[in-house]
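Contents: one structure, followed by commentary.
The values are calculated or read from the model by the stated rules, or taken from the named source; none is laboratory data. These numbers come from a predicted model, not from an experiment. Note that each Cβ is placed from the backbone with ideal geometry, even for glycine, and that neighbours are counted across all protein chains shown. Remember, those area values only see protein heavy atoms, side chains included, never the ligands or the DNA or RNA. Shrake-Rupley method; radii C 1.70, N 1.55, O 1.52, S 1.80 Å.
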Amino acid sequence: MTAYWCERAWLPSGVTDRVRVNTDDAGFVTAVEVGGQPEPPDVRLAGVVLPGFANAHSHAFHRALRGRTHAGGGTFWTWRDHMYEIAAMLDPDSYRRLATAAYAEMALAGVTCVGEFHYVHHAPDGTPYDDPNAMGEALREAARAAGIRLTLLDTCYLTGGVGEPLSTAQRRFGDGDAERWAERVAALRPDPTTRIGVAIHSVRAVPAEQIATVVAASSGRPLHVHLSEQRAENEESLAAYAATPTHLLHDHGALGPATTAVHATHLTENDISLLGRAGTTACFCPTTERDLADGIGPARALRDGGSPLALGSDQHAVVDMFEEARALEMHERLDTGQRGRFAPDELMSALTRAGHSSLGWPEAGRIEVGTPCDLVAVRLDTPRTAGVDPTQVVFAATNADVDTVVVGGRTVVQAGRHLLGDIGRLLGDAVDAIRSGL
Ligand SMILES: [Zn+2]
C-alpha cells in the first residue's frame, strides 16, 4: 500500500488541511485520515490535492489542428473541412501515436479519465480493417500508454446530413446502418482501465428511425450525443422532422441519466426542460465553443432544470481543465452581466464527480474510501497561484500548476513531468508524421 500525505485536500466535505490518503495495492482508497503528521514513507503532496479530472468530450486527433486553422477567418463548417483533411490521413498506428501524446498532455493537466467520442472507424474508402475495431483499439492502447482511464464512446455516424449520403471524407466514419454499427461495437470489451460507451454523432448523422437501435445497444452504458452546437443543425432538424434535435432525441428514447448532451448551445426553453427532467448531463466544452464561434449555451438554466454538468476539451485547441471550468462561469458573466453564476464547488463537481458519472465511472471523482485513488496535486506557490484561497483555486490555476497526478494509485505525473518524458516532442513528432502526408 501507499500513503499520500496532503498539505490540504479537496474532500467531499470541503478543502481540509493535513490529510493522509491510504491506498491498497489495487489502487483504491482504504482510509482518509485528517489531522496527523507526515511519516516516512508517506508520499508528500504539497499545495492542494484535488480528485482526478474527467475530460468528458475528446476527439484526440483534433490535436493536430491546434494553431493551424486561424488564418482567413471562416466558420465552423470551414473548420470542419480542415478537420476532415486530418481525419483522412489517419491509420491505426498514427492514430495511436497522436492519441498517446494527446492523452499524455491531458494527464499533465490533471485528467485521469477521458471520454473519446470516436468515429474514425474504417479505412479512408470505408472498408473495415482486418480488425473492424482496429482504430478503437488504438485509442485503448494510447490511453493505457498515457496512464489514464478511457471511456471509448463508439459513435454511430451514418449520414452526411439529414437524408444525405456520407461525403467522400465521411465514408470512413460509417457502418451502413445502426444494426451493423451495433454488431461491430458488441465486439469491444471493457478492461480494468477501459469502459465502453456509445454515441450518436448528432441528429444530422443518425436518421431518426435508427436512433432507437443505438439506444438499445447502449443498454445502460454512457450514451453521448452532439446536440445543437450550431443553429444550422436546429434548422435542418426542424425542416426534416418538425422537431428540435432535443425533442427528436426525446421522442426516440435517447434522453435519460445515462445520456450526455455535448455542447447544448442553441436550446429552447422546452429543450432545457426535457433535458433536465430526464436527468441528461450537459457537457460544455467552452474553449472549443468559443474557438468555433458556436455561442454560449444555457449552462445555469440546464443545471437549475436538473441536468448535471460535465466538461470537455473537445478539439483540444486548449488542454486546461481549469480553463474549461472557469469559462463556464466567465461566459455566463459576459452573457448575463452577473458574477457568481456558479460557485467554485459546482465547477469542481463538473470537473470531477459529474464528469466521471457521465463517462460511466460513478465510483470515481472524489477522495473517499472505496474510490480509485486519483489525485491531482496543484501547486499554490507559483506566480499564478501564490496567495490564492485554496477553495477558489479553480479561478486561478492553470495546467502548468499541476505538479503530481496519481491515477488508480499509480503516479503518472511527478514534478510536472509525465512518465513518457518529453510530451512536447511526442506531440510534435506525432502531428508532423500526420501532416507530412497532407
Ligand atoms: Zn465533439
Failed condition for Ala239, given (1) under 24 Å from the mean Cα position of the chain (by Cα); (2) hydrophobic (A, V, I, L, M, F, W, C); (3) not in a strand (DSSP E or B):
(1)
If I filter region 217-232 down to residues being within 16 Å of the ligand (Cβ to nearest atom) and not in a loop (DSSP other than H, G, I, E, B), which single residue comes out as nearest to Thr260 (Cα to Cα)?
His224
Unmet criterion (only one of (1) of a type in the set (S, T, N, Q); (2) closer than 14 Å to Thr280 by Cα; (3) in contact with a His (Cβ under 7 Å, 6 or more places away or on another chain)) for Asn234
(2)
Any idea which of Glu346, Glu329 is under 21 Å from the mean Cα position of the chain (by Cα) and open to solvent by 10 Å² or more (accessible area, probe 1.4 Å)?
Glu346
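For (1) under 20 Å from Val114 (Cβ atoms); (2) open to solvent by 50 Å² or more (accessible area, probe 1.4 Å), each residue gets a yes or a no:
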residue	(1), (2)
Gly387	no, yes
Gln392	no, yes
Thr398	yes, no
Val402	yes, no
Val406	yes, no
Arg410	yes, yes
His418	yes, no
Val431	yes, no
Ser436	no, yes
Determine whether region 25-44 contains at least one residue that is in a strand (DSSP E or B), aromatic (Phe, Trp, Tyr) and open to solvent by 50 Å² or more (accessible area, probe 1.4 Å).
yes
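Which residues, taken from region 420-429, are open to solvent by less than 50 Å² (accessible area, probe 1.4 Å) and without any contact (Cβ under 8 Å) to a residue 12 or more places away in the chain?
Gly421, Gly428
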Got a number for residues in region 247-296 being surrounded by 24 or more Cβ atoms within 10 Å (Cβ to Cβ), away from the ligand (no atom under 14 Å from the Cβ) and in a helix (DSSP H, G or I)?
3
Pairs with Cβ under 8 Å, 6+ apart, first in region 195-221 and under 13 Å from Leu153 (Cα atoms), second buried (at least 21 other Cβ atoms within 10 Å of the Cβ) and of a type in the set (Asp, Glu):
Ile196/Asp154; Gly197/Asp154; Val198/Asp154; Ala199/Asp154
Do you know which of the residues in region 139-165 that are of a type in the set (D, E, K, R) and surrounded by fewer than 22 Cβ atoms within 10 Å (Cβ to Cβ) is farthest from the chain's Cα centre (by Cα)?
Glu164
Any residue at all in region 28-48 that's touching a helix residue (DSSP H, G or I) at 6+ places or on another chain (Cβ under 8 Å), closer than 28 Å to Arg384 by Cα, at pLDDT 95 or above and among the aliphatic types (A, V, I, L, M)?
yes
For region 73-88 the number of residues that are in a helix (DSSP H, G or I) and open to solvent by 60 Å² or more (accessible area, probe 1.4 Å) is 5
If we take region 362-438, then strands (runs of 3 or more DSSP E) inside it with 1 or more residues that are in contact with a Phe, Trp or Tyr (Cβ under 9 Å, 6 or more places away or on another chain) are 375-378, 402-407
If you go through region 55-72 one residue at a time, do you hit one that is outside any loop (DSSP other than H, G, I, E, B), more than 16 Å from the ligand (Cβ to nearest atom) and under 30 Å from Val319 (Cβ atoms)?
no
Filter pass, Ala205 being of a type outside the set (Val, Ile, Thr), open to solvent by less than 10 Å² (accessible area, probe 1.4 Å), touching a Phe, Trp or Tyr at 6+ places or on another chain (Cβ under 7 Å) and under 15 Å from Leu90 (Cβ atoms):
no
Residue, farthest from the ligand (Cβ to nearest atom), within region 312-359, restricted to residues that are on the phi > 0 side of the Ramachandran plot and not small (Gly, Ala, Ser):
His316
Looking only at region 372-391, count every residue that is within 21 Å of Leu309 (Cα to Cα) and among the polar types (S, T, N, Q) and tell me the total.
1
Tell me the residue from Thr194, Thr168, Thr244 that is open to solvent by 20 Å² or more (accessible area, probe 1.4 Å) and touching a Leu at 6+ places or on another chain (Cβ under 7 Å), please.
Thr244
